[in-house]
Structure formats: C-alpha cells, structure tokens
Amino acid sequence: MKSRTPFATLALAVIASAPASAATDEVSIVADRDNTMFQSQDGQLSSGSGTTLYAGRINFEVNNDWRRRALIRFDVSEIPAGSKIVEASVRIQVTRTPPQPPLNVPFKLFRCNAAWGEAGSSSGGGMGAPSQPGDATWFHTSYPDAFWATPGGDFQRTESGLVLIDTNGSYTFTGDGLAADVQGWVDGGDNNGWVMTADVSEPRTVRQIASRENANVASRPTLIVVFEEGGGPAADFNGDGLVNGADVGLLLAAWGPCPGCPEDLNDDGVVNGADLGLLLVEWSG
C-alpha cells in the first residue's frame, strides 16, 4: 500500500478537527437613491423624486429621444467591513407595461462609474419632468453643470445582473457581477450604484418600475445580500486566530478545482500555488 506523505497526513488530521464553514447572514436594503435618465437633446428632463422609474424604449418620440435608463443605489454600510459577499440580487416591482409589449425583454444592471444626483423633479409618467438642481439627467450627473463623460451615463460595459421581464409583477436581477460589485463597495470602493438598461431594438420595451419613493414599501427596489462576516485573516481556515501549518493542511486538502472554497483565496475557482502564496503572506506561525 502506498504510504501517505506528511502533507497528506497533516491535511487529514486537520480536516477531522476543522469547524463547520462560516455562518452566513442575509440583509435586505432598500435603495437610498434613484432616478431616471430620459433621452433628450439638452438634459432638461429628470424624475429624482418621482414614485416610478423607467427603463427601455417608448413607442415614439420626436428627435428619436425614445430611450430611458434608470439609476439606482443602495447604502451597504450596514454590512460589516471585512465581510465576504456570498450572493447578491436586486428585486424590483414592474407597475405598468405598454399595450402589446414585447415579452422576455432583457433588463440589465451595469456598475455606474460616476457619482450622480437625485433632486426634486417628479414625473407622473414616462416623459420626464423639468430637471432640478442636483438631478441626474441624460447629460448631467448633477444638473445643470456636472456632466457624464458619455450621454446616457458612464458605466461598465459588462453587465453585473440580468432579468427577463414580461408584464407587471416582481422581478429579481441575478448575476455573479452583483456580488462582486457589492464586495468592492464593502471593501471601500466608490459606491455609485447601477445603471439599469433594457433592450431598445424594438418599440414598447419600456417598463414602469416602483421607485424608492413609492407608497408601497414592499415594492421599492431592494438589494438582498448574503454574506459571511469577516473576523480574521482570510487564510485562517480553522478559525484559531493563526495562519500556520494547520491552515496549509486544509489548503492542500482542497487542492485543485474548488469554486467557492474558502481556500480559494484569489477566487479564481482553483486552489493552487497562487493561493498558497497568499496564505504565506498572512503567515503568523
């Protein structure tokens, strides 16, 4: 019979005494800021205080100003610093749908790259209201004198989350990018929220969505986050407050493809030499 290597013996011994995986917590966070960008020629339209948001394409408008995009932000400060974000999703409520609409319309969330405002404008429908100082518009991050680099908003080109929308009802954006974005914000990155877009390849893809000012609290945009609260070095796999040979044993036991494993310190889906290097950086003996 083939004898075990010292590393293998160590790994098995540590596995036998290892504690259960870290407990997760879940928090639901209502948007703390939202607005709609109404495509226009001059940035004179917004709806910072409106009870509804809009994304998609209306049926027809002069000058081809038929696109709508929503902006939405959530304050994640109640998630403890050092936490690991396991999963994130965004729930919205569609409250109005055009007649004879296209179905299964892709709606997407993209991480926004610039700070933007929400002021006193309030539109009762999808045509917008006169912009107020501080409002985000199609051209402005903050009306009237701060501008997007690109009209329609500055955002990452890779979507963070996606949902297919039909008619009125509750819908949830999902996607690995949402958790990655929240993780970045919890770790101290600039939190400018997301830009919500919808397919505009055909008319009437627009949907009316309850905003954070909506009278129905349950309909307001909500971020749901599942996280593990941080409490020590990431490489302290057995939770004893040290990074040492016992943790090396756990890492070796998980060696190879292991998506989501705590031993996968760089989150690339594989436990390998790169993760061992990160463990050694945190070594306390």
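Brief remarks follow.
- Taken over region 206-257, the criterion of being in a strand (DSSP E or B), of a type in the set (Gly, Ala, Ser) and more than 19 Å from Gly161 (Cβ to Cβ) is satisfied by Gly256 alone.
- Considering (1) out of contact with any Lys or Arg (no Cβ under 7 Å at 6 or more places or on another chain); (2) free of Cβ contacts under 8 Å to residues at least 60 places away in the same chain, the lone condition that Glu159 does not fulfil carries the number (1).
- Screening region 235-265 for residues that are of a type in the set (Gly, Ala, Ser) and surrounded by fewer than 17 Cβ atoms within 10 Å (Cβ to Cβ) and picking the one that is modelled with the lowest pLDDT gives Gly241.
- So Ser122, is it surrounded by 15 or more Cβ atoms within 10 Å (Cβ to Cβ), modelled with pLDDT under 95 and assigned by TED's automatic domain parsing to the domain that holds Ala179: yes
- Verdict on Phe7 being in contact with a Pro (Cβ under 9 Å, 6 or more places away or on another chain), at pLDDT below 90 and either among the β-branched types (Val, Ile, Thr) or farther than 26 Å from Val186 by Cβ (or both): no
- Residue within region 152-171 that is outside any loop (DSSP other than H, G, I, E, B), assigned by TED's automatic domain parsing to the domain that holds Arg207, polar (S, T, N, Q) and touching a strand residue (DSSP E or B) at 6+ places or on another chain (Cβ under 6 Å) present: yes
- Residue within region 102-124 that is of a type in the set (Val, Ile, Thr), within 24 Å of Asn214 (Cβ to Cβ) and assigned to a loop (DSSP other than H, G, I, E, B) present: no
- Contact map, region 203-230: residues that are free of Cβ contacts under 8 Å to residues at least 12 places away in the same chain paired with residues that are part of a loop (DSSP other than H, G, I, E, B), Cβ distance under 6 Å, separation 6+ or inter-chain. No pairs are found.
- Pairs meeting the criteria (first residue in region 73-92 and at pLDDT 95 or above, second residue of a type in the set (Lys, Arg), beta carbons under 7 Å, at least 6 apart or on different chains) are Arg73/Arg33.
The values are calculated or read from the model by the stated rules, or taken from the named source; none is laboratory data. Note that the structure is a prediction, hence the values are computed from the model and not measured. Methodologically, a virtual Cβ is constructed for each residue, glycine included, from the backbone with ideal geometry; neighbour enumeration extends over all protein chains shown.
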